[in-house]
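The values are calculated or read from the model by the stated rules, or taken from the named source; none is laboratory data. None of these values were measured; they are calculated from a predicted model. Every residue, glycine as well, gets a Cβ built from its backbone with ideal geometry; the counts of neighbours run over all protein chains shown. These area figures cover heavy atoms from the full protein model, side chains too; ligands, DNA and RNA do not enter into them. Shrake-Rupley method; radii C 1.70, N 1.55, O 1.52, S 1.80 Å.
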Amino acid sequence: GKAHVIGLTGVPGSGKSTLVHAMAKQFRADGRTVGIVAVDPSSPYSGGAILGDRVRMSDLAMDTGVFIRSLATRGALGGLARAALDTVDILDAAGFDVVLIETVGVGQDEVDIAGAAETVLVVSAPGLGDGIQAIKAGVLEIADIHVVSKCDKPDASRTVADLKSMLHLGSTARNHHGWEVPVLRTSAETRLGIDELVASLDAHLAHLIETGEREVRRRSILETRIIKTAEDLLRQRIGQGDDLSKVVGNALQGDMSPRQAAEALLKTL
Ligand code: GDP
């Protein structure tokens, strides 16, 4: 595969799905094919969002240059990151030019998934009460590009200003590899800034390639995935057989400390 893998995250209601839709349309207008992985938490935050996404995305779903896959998180936490990133691999192998992963920035798993992309977009929106939602969601630092959506709304300038001043206070204005993190304004309603956003994504990819950072990122993303998968596999194996109940018994008797029991358990694997 050769896909540019783009992660997109932001709090519920920040306009992610609408933005993904607008970006996908723009990529298609450029003749690029787009795979979309929408990780939906199926939580009280966004009940029914999968259906909403389907309706909103339905004109894209008719386009053979677009493939959309929703993954629900309910009951799948832990395995979710693996499932989402495996889906990205398949779309990449299938030859899509761009793969977008959309996650709700509400849990570590979702943040991890977005962070496993080559370019990370963090979406904030005016009118959600808190000026800088990215901080609350713990995603300020992982952004390569900040997007303030819904800039057709009058209070958007305030959100942009808050975000910019936050970035200048921290060390995140420039990524460690010399990329200046832009704060872009978009409106999916008026299509303001969508061209610029796509241009900025392309510029970021070019920057990753030029600096050799693309290889560095790929390596570190793979390393994280392998470690996480190994952890999952280990956890499954720990629960199997009766070695676990044996060491629990020993610890209960006071013959072993929990740590000794854990070490004994690992030796049985
Ligand atoms: P998500 O939960 O982050 O995926 O957010 P959605 O894309 O579902 O958008 C949340 C709400 O904001 C919806 O009611 C959208 O119609 C609205 N919205 C999204 N983008 C814009 C925009 O550019 N301008 C305005 N005014 N509203 C928007």
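Of all residues in region 251-261, those satisfying the criterion of being assigned to a helix (DSSP H, G or I) and open to solvent by less than 50 Å² (accessible area, probe 1.4 Å) are Ala251, Ala261. Among the numbered criteria (1) more than 28 Å from Lys2 (Cα to Cα); (2) open to solvent by 70 Å² or more (accessible area, probe 1.4 Å), which single criterion is violated by Ile227? All conditions are met except number (1). Take Ile6 and decide whether it is within 20 Å of Val139 (Cβ to Cβ), open to solvent by less than 10 Å² (accessible area, probe 1.4 Å), away from the ligand (no atom under 14 Å from the Cβ) and modelled with pLDDT of 80 or more. Against the criterion (within 20 Å of Val139 (Cβ to Cβ), open to solvent by less than 10 Å² (accessible area, probe 1.4 Å), away from the ligand (no atom under 14 Å from the Cβ) and modelled with pLDDT of 80 or more), Ile6 qualifies.
With a cut-off of at least 1 residues that are modelled with pLDDT of 80 or more and open to solvent by 20 Å² or more (accessible area, probe 1.4 Å), name the helices (runs of 4 or more DSSP H) lying wholly within region 51-143. Even if it seems obvious, please write down each step before you answer.
Numbers: elements: 79-93, 108-115, 133-136.
Of the helices (runs of 4 or more DSSP H) lying wholly inside region 51-143, those with at least 1 residues that are modelled with pLDDT of 80 or more and open to solvent by 20 Å² or more (accessible area, probe 1.4 Å) span 79-93.
The criterion of being closer than 18 Å to Arg82 by Cβ, open to solvent by 90 Å² or more (accessible area, probe 1.4 Å), away from the ligand (no atom under 16 Å from the Cβ) and part of a helix (DSSP H, G or I) does not hold for Leu234.
Listed conditions (1) away from the ligand (no atom under 16 Å from the Cβ); (2) farther than 19 Å from Gly13 by Cα are all met by Asp195, apart from (1).
I'd like to verify a number: residues in region 1-39 that are free of Cβ contacts under 8 Å to residues at least 24 places away in the same chain and touching a helix residue (DSSP H, G or I) at 6+ places or on another chain (Cβ under 8 Å), how many?
Within region 1-39, residues that are free of Cβ contacts under 8 Å to residues at least 24 places away in the same chain and touching a helix residue (DSSP H, G or I) at 6+ places or on another chain (Cβ under 8 Å) number 0.
Out of the residues in region 147-164 that are acidic (Asp, Glu) and modelled with pLDDT under 90, state the one that is nearest to Val120 (Cα to Cα). Let's see the steps before the verdict.
Start the filter on region 147-164 by keeping residues that are acidic (Asp, Glu), which leaves 152, 155, 162.
Now narrow it down to the ones that are modelled with pLDDT under 90: 155, 162.
Values: Asp155: 25, Asp162: 20 Å.
Top of the filtered list is Asp162.
Considering only residues of region 165-190 that are open to solvent by 100 Å² or more (accessible area, probe 1.4 Å) and either in a helix (DSSP H, G or I) or closer than 15 Å to Ala125 by Cα (or both), which is modelled with the highest pLDDT? Checked region 165-190; the qualifying residue modelled with the highest pLDDT is Arg185. Considering only residues in region 9-42 that are more than 10 Å from the ligand (Cβ to nearest atom), under 24 Å from Ala143 (Cα atoms) and under 17 Å from the mean Cα position of the chain (by Cα), the one that is modelled with the lowest pLDDT turns out to be Pro41.
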